[in-house]
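The values are calculated or read from the model by the stated rules, or taken from the named source; none is laboratory data. Everything numeric in this text was worked out from a predicted model, so none of it was measured. Ideal geometry is used to build each Cβ from the backbone, glycine not excepted, and the neighbour counts take in all protein chains shown.
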């Protein structure tokens, strides 16, 4: 057995965006396309400095708009380049034509989305709706909640997206402000280990190059679209297995589970983070940084006798339906914290609420589900808020839900 | 490459007669274009000039939908679709990726042509910002604007490239208003040249002059850096004439002066025939009436409208400092000759 | 009772762009007339035909409810194309040679969708017997009608009001009074401008349309082999398809049926200037070893540019497509027997008519 190398090269204080930039450098990206929009911009600031300092050899293109930005990396990817791109809020929406097409073209770009509220009016704070806009069109979507997880997940992202069984673009979401602009300690592994984990990007017969003459995306009619979508859907399903493989590989090569540090041990499930769910009667669901205040509140309420737990969703697409069922089947109330909204949807609930509810529908015995819409536009969801949510959930263990949706802390409604 | 070497390389590769034109096609029969489609001829010329070591990127438009019709293709070289306004960015991404991959040894070092084409909307309207951005970098790429003077693929609508008064589904003459499209056609090449210092080559062309066209494409591909070509393509569907006259109309566009043929190489403008003869006074411009009366899209024109166009063209050649090219009439300052 | 008895369909096959409005207005007339009779009716084009391209065959449909209410009619007709049609109206006789509208369709026989005992009505100056030399045989009896008129072509911006519509309606009323009948048709037409002129055209066509029953097995052999569409397992991922191999042409869409005229070449007078080759937007010319330019007729779309640019008088001349039965290339025919070829050339060219159409109001 080979000598166990030092698995931490250095510990650096960095915020979520810097973590992603460093991971992209470790992954030896070839082409980066940048365009500024708060709060993700620092990814590009960081990576351009890394290039200028000679730590990364890549082409750095400043686009004239997000549409151009995403078009650039889509085409670079089709030609065989590993790419990094990103945006936030309405910037992400400005590029939407290019973004959607990237999935059907099967270009495995990795985009970091600094989740930001949508205009109008302008607001920089976190909301998840921007990234969620592509939930139907075949993008892989994952949410991270610490800078360490951002770093690790970026390496995972290249591994999964570029896998020949997958070849789908991947969006790594991180909360604007709470993760993009707060610094935590990130343990950086030795750079040489990365090539053991991340093979070179190989498009095989889908490479655009004069040695492989193909036409990519000819016009089609009703004879072809069903089949194209079906293939795409199948690739999304294959991604599930590839994600599991990638996390196991990561642990083997880097000696720890992605997102884990000495202080913070992650349970070994790629898709979700279960926390005290085994005997929980009320389970909270969240995505992104809200998970940490949730854990603090849960610990406190447990001491008071409440049987409560949390299931954090990491991978939103492909949605971890079986894990959700497994961890929630025995609970009595599920309180979904939605840092998003879905205007006019059934019960006026949020997006995650609908996905959870739909996952549980076929069970003969299923828990009640509630939606807590909160934290929009960067408003805090504090441990106090979480405690209140737990209490409300607790009230409905035996009584039917009369009000399925609460807006957490909104002035004008009782809270 | 040293300048002298570059000049030699470019000069030696110029095709001097039609007989010398290489036979091999890299864009071939079996595309669903209209009878007499001159834009298809542009595709043929650019593929032929570029050869096998090429990647072509096509924006949504007639030359996308008609050429790769329903899950088939006419392209022999690798071809990738991009969105309507995406040509500039797509060309940039492709060229940047090739440079990075070659430099890092991930693919073999070799010159690979990158050509992105776009139509009226894709280049002059929606995609203008992307094209402009591509022109500011130093990657080797060529952007071709194939101009059929309308949004042709959506069944002929007005764009900024549509000529004054022309009929399109957005500018049909009616009982109240005869001329719906009053704005004059944008001059795209001058815009590109004037605003982007580092581009070494830009040109206008029309496929009615095939040698001129093919040689311009070759020069653009050989000279290095971002380059731009604007091609005027008679469109029998939109312009409304019998397809067999497509060639004739292309010639008339140049001979009436409405479509000046010139190229810009490293800071110098050179005219090409027949515009050269017009500008140097050896040939008189044909009256625009000859060109306009042959197209159904101008059938609602009165003498007044024809005169207006004639005057606009006269101004281009009689009053502009650089005839046919730049709408600058004079410099009101005495330039010292030190 | 199946769909067949409940809805009657009329299929109008036409040359894209040139006859776009004509087809639409003919359909409109049939719909309104059917409604005069008291039947529900609707019309629709094929979405896949658009955007239409000059000359590429396209189809328009009229659906008429026969003992079926409007809602059910819409229910049956929310289709890309109906499976079977009662009547086919062909607005250009060269369309009889086949219809290939887009890739992966193969070249379809003109009467592919015709129902047993159906009717086909063609606008043509040719006689029934001449037309039957171009029409594929069916294994049932059907009726063929001819309206004696030049094919009506027009450009995009103007509609050529040359009474073709009225003639087609008149012929249809005679052959298929179960779809539209003369009285109601005249009632509809009389509401239009210049009604008298139109009504005479209707009546004239009604009385003069030439028709007869075509027996089963009568007609030519037509091999219809559409390519099999791939399954999602067989397709490459990422909407990728292989490029055309070097030296070849696009096998999936040949578009020879786009033409209503084809260029004939008098190789004896050819000066090998190569202009036809260079100006062809469809890359149809192939250089022969001795420097002539041969035409791949299966790909030629009949635009006429080669005839226009050829500097030698009468070297390239456009000839009516219906004079030809196959896509045999001219060069090999000439090489085989130069004298015979010259003779043949003279014959087909003599029989040709002037290219008939005025696109819009341009030349």
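If I ask for residues that are in a loop (DSSP other than H, G, I, E, B), away from every other protein chain (no Cβ under 12 Å) and either touching a helix residue (DSSP H, G or I) at 6+ places or on another chain (Cβ under 6 Å) or closer than 16 Å to residue B:66 by Cβ (or both), which ones from segment B:141-155 would you list?
Step one: of segment B:141-155, the residues in a loop (DSSP other than H, G, I, E, B) are B:148-150, B:152-155.
When the remaining residues are screened for being away from every other protein chain (no Cβ under 12 Å), the result is B:148-149.
Correct list: B:148 only.
Residue check: residue A:226 meets all listed conditions (1) buried (at least 18 other Cβ atoms within 10 Å of the Cβ); (2) assigned to a helix (DSSP H, G or I); (3) within 14 Å of chain B (Cβ to nearest Cβ) but one, namely (1). Scanning segment C:109-120 for residues that are assigned to a strand (DSSP E or B) and over 14 Å from the mean Cα position of the chain (by Cα) returns C:114, C:115, C:116, C:117, C:118, C:119.
On the basis of being part of a loop (DSSP other than H, G, I, E, B), more than 18 Å from the chain's Cα centre (by Cα) and either under 27 Å from residue A:257 (Cα atoms) or at pLDDT below 95 (or both), does residue A:165 make the cut?
On the way: part of a loop (DSSP other than H, G, I, E, B): yes; more than 18 Å from the chain's Cα centre (by Cα): yes; either under 27 Å from residue A:257 (Cα atoms) or at pLDDT below 95 (or both): yes.
For residue A:165, the condition - part of a loop (DSSP other than H, G, I, E, B), more than 18 Å from the chain's Cα centre (by Cα) and either under 27 Å from residue A:257 (Cα atoms) or at pLDDT below 95 (or both) - is met.
For segment C:156-166, the criterion of being at pLDDT 95 or above, farther than 13 Å from residue C:26 by Cβ and either assigned to a loop (DSSP other than H, G, I, E, B) or within 14 Å of another protein chain (Cβ to nearest Cβ) (or both) is met by none of the residues.
Across segment B:58-75, which residue is surrounded by the most Cβ atoms within 10 Å (Cβ to Cβ) among those that are at the interface with chain A (Cβ under 7 Å from one of its Cβ atoms) and either in contact with a helix residue (DSSP H, G or I) (Cβ under 6 Å, 6 or more places away or on another chain) or within 12 Å of residue A:220 (Cβ to Cβ) (or both)? Let's see the steps before the verdict.
Step one: list which residues in segment B:58-75 are at the interface with chain A (Cβ under 7 Å from one of its Cβ atoms), which gives B:64-65, B:68-73, B:75.
Cutting the leftovers down to either in contact with a helix residue (DSSP H, G or I) (Cβ under 6 Å, 6 or more places away or on another chain) or within 12 Å of residue A:220 (Cβ to Cβ) (or both) gives us B:64-65, B:68-73.
Numbers: B:64: 24, B:65: 23, B:68: 26, B:69: 29, B:70: 21, B:71: 25, B:72: 24, B:73: 27.
It comes out as B:69.
The numbered conditions (1) in contact (Cβ under 8 Å) with a residue 12 or more places away in the chain; (2) more than 14 Å from chain B (Cβ to nearest Cβ); (3) over 24 Å from residue B:59 (Cβ atoms); (4) over 19 Å from the mean Cα position of the chain (by Cα) are all true for residue A:202 except (2).
In this structure, does residue C:123 turn out to be assigned to a strand (DSSP E or B) and within 29 Å of residue C:262 (Cα to Cα)?
Values: assigned to a strand (DSSP E or B): yes; within 29 Å of residue C:262 (Cα to Cα): yes.
In short, yes.
For segment B:119-130, the condition holds for at least one residue, the condition being that it is buried (at least 24 other Cβ atoms within 10 Å of the Cβ), within 7 Å of another protein chain (Cβ to nearest Cβ), assigned to a helix (DSSP H, G or I) and without any contact (Cβ under 8 Å) to a residue 60 or more places away in the chain. Taking the conditions (1) buried (at least 18 other Cβ atoms within 10 Å of the Cβ); (2) away from chain B (no Cβ under 14 Å); (3) outside any strand (DSSP E or B) in turn, residue A:137 satisfies each one other than (1).
Output yes when any residue across segment B:167-177 is at pLDDT below 95, in contact with a helix residue (DSSP H, G or I) (Cβ under 6 Å, 6 or more places away or on another chain), more than 14 Å from chain A (Cβ to nearest Cβ) and crowded, with 21+ Cβ neighbours inside 10 Å, and no when none is. Yes, because at least one residue in segment B:167-177 is at pLDDT below 95, in contact with a helix residue (DSSP H, G or I) (Cβ under 6 Å, 6 or more places away or on another chain), more than 14 Å from chain A (Cβ to nearest Cβ) and crowded, with 21+ Cβ neighbours inside 10 Å. Any chance segment A:184-192 includes a residue that's part of a loop (DSSP other than H, G, I, E, B) and under 24 Å from the mean Cα position of the chain (by Cα)? Checked against the condition, which is being part of a loop (DSSP other than H, G, I, E, B) and under 24 Å from the mean Cα position of the chain (by Cα), segment A:184-192 yields at least one hit. Filtered by the rule that a residue be in a loop (DSSP other than H, G, I, E, B), in contact with a helix residue (DSSP H, G or I) (Cβ under 9 Å, 6 or more places away or on another chain) and over 16 Å from residue A:175 (Cβ atoms), segment A:279-301 gives A:280, A:281. For segment C:284-327, residues that are assigned to a helix (DSSP H, G or I) and more than 8 Å from chain B (Cβ to nearest Cβ) total 4.
So that you can scan it fast, the table gives a plain yes or no per residue for (1) in contact (Cβ under 8 Å) with a residue 60 or more places away in the chain; (2) under 18 Å from the mean Cα position of the chain (by Cα); (3) closer than 20 Å to residue C:286 by Cα:
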residue: B:17; (1), (2), (3): yes, no, yes
residue: B:24; (1), (2), (3): no, no, yes
residue: B:46; (1), (2), (3): yes, yes, yes
residue: B:52; (1), (2), (3): no, no, yes
residue: B:57; (1), (2), (3): yes, yes, no
residue: B:63; (1), (2), (3): yes, yes, no
residue: B:82; (1), (2), (3): no, no, no
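For segment A:360-381, enumerate the residues that are in contact with a helix residue (DSSP H, G or I) (Cβ under 7 Å, 6 or more places away or on another chain) and surrounded by 16 or more Cβ atoms within 10 Å (Cβ to Cβ).
As a first pass, look at segment A:360-381 and keep what is in contact with a helix residue (DSSP H, G or I) (Cβ under 7 Å, 6 or more places away or on another chain): A:360, A:363, A:366-367, A:369-372, A:374-375, A:381.
Passing the criteria: A:360, A:366, A:367, A:369, A:370, A:371, A:372, A:374, A:375, A:381.
Filtered by the rule that a residue be under 8 Å from the mean Cα position of the chain (by Cα) and on the phi > 0 side of the Ramachandran plot, segment C:90-108 gives a lone residue, C:98. When we screen C:281, C:263 for residues that are outside any loop (DSSP other than H, G, I, E, B), within 12 Å of another protein chain (Cβ to nearest Cβ) and either in contact with a helix residue (DSSP H, G or I) (Cβ under 6 Å, 6 or more places away or on another chain) or buried (at least 18 other Cβ atoms within 10 Å of the Cβ) (or both), the only hit is C:263. Among the residues of segment C:45-78, just one is in contact (Cβ under 8 Å) with a residue 40 or more places away in the chain, farther than 29 Å from residue C:109 by Cβ and either within 14 Å of chain B (Cβ to nearest Cβ) or in a helix (DSSP H, G or I) (or both), namely C:72.
Among helices (runs of 4 or more DSSP H) entirely within segment A:13-123, having at least 2 residues that are under 28 Å from residue A:206 (Cβ atoms) and within 14 Å of another protein chain (Cβ to nearest Cβ) singles out A:16-26, A:42-52, A:66-78, A:96-104. Restricting segment C:266-278 to residues that are more than 11 Å from every other protein chain (Cβ to nearest Cβ) and assigned to a loop (DSSP other than H, G, I, E, B), the residue that is surrounded by the fewest Cβ atoms within 10 Å (Cβ to Cβ) is C:271. Scanning segment B:76-98 for residues that are in contact with a helix residue (DSSP H, G or I) (Cβ under 8 Å, 6 or more places away or on another chain), more than 7 Å from chain A (Cβ to nearest Cβ) and crowded, with 22+ Cβ neighbours inside 10 Å yields B:87, B:91. For residue B:101, the criteria (1) surrounded by fewer than 24 Cβ atoms within 10 Å (Cβ to Cβ); (2) in a loop (DSSP other than H, G, I, E, B) hold in every case but one, which is (2). Against the numbered list (1) under 21 Å from residue A:272 (Cα atoms); (2) out of contact with any strand residue (DSSP E or B) (no Cβ under 9 Å at 6 or more places or on another chain), residue A:365 comes up short only at (1). State yes or no: is residue C:42 away from chain B (no Cβ under 14 Å) and outside any strand (DSSP E or B)? It is false that residue C:42 is away from chain B (no Cβ under 14 Å) and outside any strand (DSSP E or B).
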